[in-house]
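What follows is a single structure, written as structure tokens, with notes after it.
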Amino acid sequence: MLNGMREWGRVYANEWMKLLRRRRLWVTLLLGAIVLAGLSYISWSQHKSQVEHNSLAAQEKYLQQEKSRLSDLQKQLKQGASEEEKTNMVDEMEDLKESIASMEDELANQRELVSGDWKKILTEENKEIKHDMNETGESDQLEDNYGQETLMLNQYHLDNDIRPLPGWEGSAFSSTSDLLTLTSVIFLPMLVVILVADMVSGETTSGTIKLLLVRPVSRFTILMGKWLVTLSATIVLTLAFCAILLGLQLLLFGSEGADQPQMVGVTYTFEQMILEGENTPQTVATGHYDDAQIIPQYQFILGSIGLVTLAMMAVATITFFASTWFQSAMVSTGIAFGMVIVGSILTQVIGSGKWLLWLFSLYLNPAHLWTGEMSMGLEFPITLETGLIVLAIWTVISLLLSIIRFQRKDILQA
């Protein structure tokens, strides 16, 4: 037993050193850092634009413009005009007055949230939500998902004395979540493919695999050593990628917003209903919040990173399968790329169908399962546990097929 573990350790160390000598780990990290720097700059620019157009100062500017327009119309009305023009001006003035009143109320609420009695605002909002939910009754309760979630998030703010961030104010954690969603579908899996696609096929192409097989080490041990190095390198790449991403966002946005709430564990059921004013049945979602939890944003980001790491380990094993089955490193890399890209295209283009649930590419960002967003998008009840089980099935099958192929492969005569 001890000798067997030592043998595994020697094989693992040997494979790890070969991986480092190939420098693919450093190349993928550098490529990832460059792309993340560009995406972070774009995200920061969009944030600055949002602040410019939606901040309190911007809202006050828009309010003054509306008031100036109203004043101009009042002056024109006094100067005299045709009956038709007067009617049009009066109608526009009424619309402006309603708009100004609405903007003033909204601006007052925003000021309170930013620097005033924000607890009073959230308490009043909760009362309105509860009243509206009671008024709708059982027949319309399917439309109360947003209200229920807002109610729970507001209560979390009140219970934990956490002032909510204004709608226009971004945070490093929300930006990290958005960019992780964007990159985990295609870009990060492609980095994983680049990193590990030639773990077996590369040595088959060069012929160095024969030097391993003439040693008194079983094929199974050699293959498992390569697979463990594949997983280790994938974990290092994914965690480093996410650390760079989070670090860049913290550098740009600061640490504010770490304690903002994030709801997870929401599940949905769906049914066909004929809504008011509609003639055909529509798919309506009902949110179930019994097992839902609210956690701080920083915990959500850490959990999301862990889930993405698990997904990338599945991608690495599938890529390892391609590397084992095909002798050419170029072919195995192309096959692995194709599986990731085609799978992602299918999930985006088709977007529905129970058979999609068995595609590994659907679960490359498991955080969407955690929050329930994927279930809403697919209009199908699917949980985080289901996604992890599907990834585990792909991982186990890919590994078993790799073992079978490597054990039977006539490498010495290749």
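Under the condition of being surrounded by 15 or more Cβ atoms within 10 Å (Cβ to Cβ), at pLDDT below 90 and among the aliphatic types (A, V, I, L, M), the residues counted in region 1-50 number 3. So in region 376-397, with the set limited to residues that are among the small types (Gly, Ala, Ser) and surrounded by fewer than 23 Cβ atoms within 10 Å (Cβ to Cβ), which one is nearest to residue 265 (Cα to Cα)? Taking the candidates together, the pick is 377.
Out of the residues in region 83-136 that are among the β-branched types (Val, Ile, Thr) and within 27 Å of residue 73 (Cβ to Cβ), state the one that is nearest to the chain's Cα centre (by Cα). Selected residue: 100. Against the condition touching a residue at least 12 places away in the same chain (Cβ under 8 Å) and among the β-branched types (Val, Ile, Thr), how does residue 309 come out, does it pass? So residue 309 fits the description; yes. Please enumerate the residues belonging to region 285-318 that are of a type in the set (Ser, Thr, Tyr) and within 27 Å of residue 175 (Cβ to Cβ). Answer for region 285-318, where residues must be of a type in the set (Ser, Thr, Tyr) and within 27 Å of residue 175 (Cβ to Cβ): 289, 298, 304, 309. The set of residues in region 284-298 that are of a type outside the set (A, V, I, L, M, F, W, C) and in a loop (DSSP other than H, G, I, E, B) comprises 289, 290, 291.
Every residue, every condition in (1) assigned to a helix (DSSP H, G or I); (2) among the aliphatic types (A, V, I, L, M); (3) touching a residue at least 12 places away in the same chain (Cβ under 8 Å), yes or no:
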position	(1), (2), (3)
11	yes, yes, yes
25	yes, yes, yes
62	yes, no, yes
73	yes, yes, yes
78	yes, no, no
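Within region 284-294, the set of residues being farther than 23 Å from residue 273 by Cα and either in contact with an Asp or Glu (Cβ under 6 Å, 6 or more places away or on another chain) or surrounded by fewer than 18 Cβ atoms within 10 Å (Cβ to Cβ) (or both) comprises 290, 291, 292, 293. Taking the stated definitions as given, is residue 377 within 19 Å of the chain's Cα centre (by Cα) and either at pLDDT 80 or above or part of a helix (DSSP H, G or I) (or both)? Spelling it out, residue 377 is indeed within 19 Å of the chain's Cα centre (by Cα) and either at pLDDT 80 or above or part of a helix (DSSP H, G or I) (or both). Only a single item in (1) surrounded by 20 or more Cβ atoms within 10 Å (Cβ to Cβ); (2) modelled with pLDDT under 95; (3) assigned to a helix (DSSP H, G or I) is not met by residue 198, and it is number (3).
Restricting attention to region 11-64, the residues that are within 19 Å of residue 227 (Cβ to Cβ) and under 29 Å from the mean Cα position of the chain (by Cα) total 3. On the stretch given as region 348-375, residues that are of a type in the set (Ser, Thr, Tyr) and surrounded by fewer than 22 Cβ atoms within 10 Å (Cβ to Cβ) total 2. Would you check if residue 169 is of a type in the set (Asp, Glu) and modelled with pLDDT of 85 or more? No; evaluated as a whole, the condition is false for this residue. When region 377-390 is filtered for residues that are touching a residue at least 12 places away in the same chain (Cβ under 8 Å), over 13 Å from residue 356 (Cα atoms) and of a type in the set (A, V, I, L, M), the ones remaining, listed by number, are 384, 388. On inspection, residue 99 qualifies as surrounded by 11 or more Cβ atoms within 10 Å (Cβ to Cβ), more than 30 Å from residue 226 (Cα to Cα), hydroxyl-bearing (Ser, Thr, Tyr) and without any contact (Cβ under 8 Å) to a residue 60 or more places away in the chain.
The values are calculated or read from the model by the stated rules, or taken from the named source; none is laboratory data. Since we're looking at a predicted model, the values are computed, not measured. All Cβ positions, glycine included, derive from the backbone under ideal geometry; neighbour counts span all protein chains shown.
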